[in-house]
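The values are calculated or read from the model by the stated rules, or taken from the named source; none is laboratory data. What you are looking at is a predicted structure, and each value in this text was computed from that prediction instead of being measured. Here Cβ is always computed from backbone atoms with ideal geometry, including for glycine, and neighbour counts include all displayed protein chains. We work out accessible area using only protein heavy atoms, side chains counted, and drop any ligands, DNA or RNA first. Shrake-Rupley method; radii C 1.70, N 1.55, O 1.52, S 1.80 Å.
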Amino acid sequence: MLLQNRLTQWENISLGHENASRGKRGHAPAAEFELLLADRLLEIQAGLEEKSYQPGKYHSFYIHEPKRRLISAAPFRDRVVHHALCNVTTRHFEKQFIPTSYANRVGKGTHRALGQCQKHARSYKYVLQCDVVQFFPSIDHEVLRSALANMLPDDSVMWLVDAILHSGVGVLAEEYNMVYFPKDNLFSASRPRGLPIGNLTSQWWANCYLNSFDQFVKRELGCRAYLRYVDDFLLFCDDKQTLWQWRAAILKRMQKLRLTIHEERALPRPVSDGIKFLGFVTYPEYRLLKREKGIAFQRKLKGLLQTAPPEILKASVQGWINHVRYGDTWGLRKAILGNSNLLGGSYV
């Protein structure tokens, strides 16, 4: 069955709504949509069947933790469509991803990525850590479309991919600093680019965009110890000179994806220096929370203690504990919570 036929099945559209509304039913956009739920889903189904569906406008806002980012939220109707599309496409993506790509995948995530990082740190002497400059704003639509088309079994839903891509043109324009690559001309500045941070499709498509790079590192460079989380990736080796050679090859390969990395930070280092990755500093035998993460939570906790109801405070503290317990943080937890008189009781 063609992907388009799977996409437009009533069961798939209903599942798209169920997934989009999970944890959102108390929010106004989801509640408003559900006032006329059957009619809205039938309207979506007709638009997808006729290929006349057009995405709405994004609502954009900034967040400042862990760093300043522009988040673009699609209308709830569009989120239902995103989930419906992902329901029928992601299984094909998953078959082609490498096992050590950890972002936005079932059974992966930050804590497993940290575990894999420490495992490699115990086995190898050196690490090359790289991250992409302005990753989501830099994603080139032509390059992405080609990658998606190559990873899907047929092209029947590419019209919807195109519609979603087009809806995001310009959303991150102010977040992007133009980079010219070999053979570019003045018209290259107008190439459509950028994936809105906040779409489910953006999370999956970002992995697809870098999938060919993952394959390059594993197959062509021959790196046996490699992992990636979104645009932050690590290569381990016992020979520092090999890492320098891989670095040069990575810089060249990134040009094909119209991406750059932070070259000043991408330097081979001993794993014994500690690897700053996903909010922690990982050493071969232990793992610490990054200092700025602890400071940020103390600042947040101070505000919660002044304004938040007890249930919100409790949920926030327990959520933080569940995250930082993946590092050697007992002393830190004791100090921060003790200073706020939250040790013991129902908080820990």
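Observations on the model:
- Qualifying residue in segment 282-291 (condition: open to solvent by less than 40 Å² (accessible area, probe 1.4 Å) and under 22 Å from the mean Cα position of the chain (by Cα)): yes
- Neighbours by Cβ (under 7 Å, 6+ apart or cross-chain): first from segment 62-81, over 14 Å from GLU32 (Cβ atoms); second of a type in the set (Phe, Trp, Tyr) and assigned to a strand (DSSP E or B): ARG68/TYR62; ARG69/TYR62; LEU70/TYR62; ILE71/PHE61
- Meets criteria (open to solvent by 80 Å² or more (accessible area, probe 1.4 Å), under 30 Å from SER340 (Cα atoms) and either out of contact with any Leu (no Cβ under 8 Å at 6 or more places or on another chain) or touching a residue at least 60 places away in the same chain (Cβ under 8 Å) (or both)) for LYS252: no
- As for segment 172-192, it holds no residue that is basic (Lys, Arg) and within 17 Å of SER101 (Cβ to Cβ).
- Residue match in segment 266-281 (condition: touching a residue at least 24 places away in the same chain (Cβ under 8 Å), closer than 16 Å to PHE97 by Cβ, among the basic types (Lys, Arg) and surrounded by fewer than 19 Cβ atoms within 10 Å (Cβ to Cβ)): no
- Looking across segment 311-320, the residues that are over 13 Å from LYS293 (Cβ atoms), surrounded by 15 or more Cβ atoms within 10 Å (Cβ to Cβ) and touching a helix residue (DSSP H, G or I) at 6+ places or on another chain (Cβ under 8 Å) come down to LEU313, SER316, VAL317.
- Flag if HIS92 is within 30 Å of ASP328 (Cα to Cα), open to solvent by 10 Å² or more (accessible area, probe 1.4 Å) and not β-branched (Val, Ile, Thr): no
- Tally, over segment 137-153, of residues that are out of contact with any Phe, Trp or Tyr (no Cβ under 9 Å at 6 or more places or on another chain) and either assigned to a strand (DSSP E or B) or open to solvent by less than 40 Å² (accessible area, probe 1.4 Å) (or both): 1
- When restricted to residues that are outside any loop (DSSP other than H, G, I, E, B), at pLDDT 95 or above and either under 17 Å from ASN199 (Cβ atoms) or open to solvent by less than 80 Å² (accessible area, probe 1.4 Å) (or both), segment 39-70 contains 7.
- Applying the criterion of being touching a residue at least 12 places away in the same chain (Cβ under 8 Å) and either part of a helix (DSSP H, G or I) or among the charged types (D, E, K, R) (or both) to the residues of segment 324-336, the residue that is most open to solvent (accessible area, probe 1.4 Å) is ASP328.
- Among the residues of segment 189-220, those identified as of a type in the set (Phe, Trp, Tyr) and touching a residue at least 40 places away in the same chain (Cβ under 8 Å) are TRP204, TRP205, TYR209, PHE213.
- Of all residues in segment 219-233, those satisfying the criterion of being touching a Phe, Trp or Tyr at 6+ places or on another chain (Cβ under 6 Å) and either hydrophobic (A, V, I, L, M, F, W, C) or surrounded by fewer than 19 Cβ atoms within 10 Å (Cβ to Cβ) (or both) are LEU221, ALA225.
- Within segment 154-205, the residues that satisfy the criterion of being of a type outside the set (Phe, Trp, Tyr), part of a helix (DSSP H, G or I), out of contact with any strand residue (DSSP E or B) (no Cβ under 9 Å at 6 or more places or on another chain) and open to solvent by 70 Å² or more (accessible area, probe 1.4 Å) are HIS166, LEU186, SER190.
- If you go through segment 1-40 and keep only what is hydroxyl-bearing (Ser, Thr, Tyr) and farther than 23 Å from LYS51 by Cα, you end up with just SER21.
- Qualifying residue in segment 30-47 (condition: in contact (Cβ under 8 Å) with a residue 60 or more places away in the chain and of a type outside the set (A, V, I, L, M, F, W, C)): no
- Among the residues making up segment 52-87, those that are among the charged types (D, E, K, R) and under 18 Å from the mean Cα position of the chain (by Cα) are GLU65, LYS67, ARG68, ARG69, ARG79.
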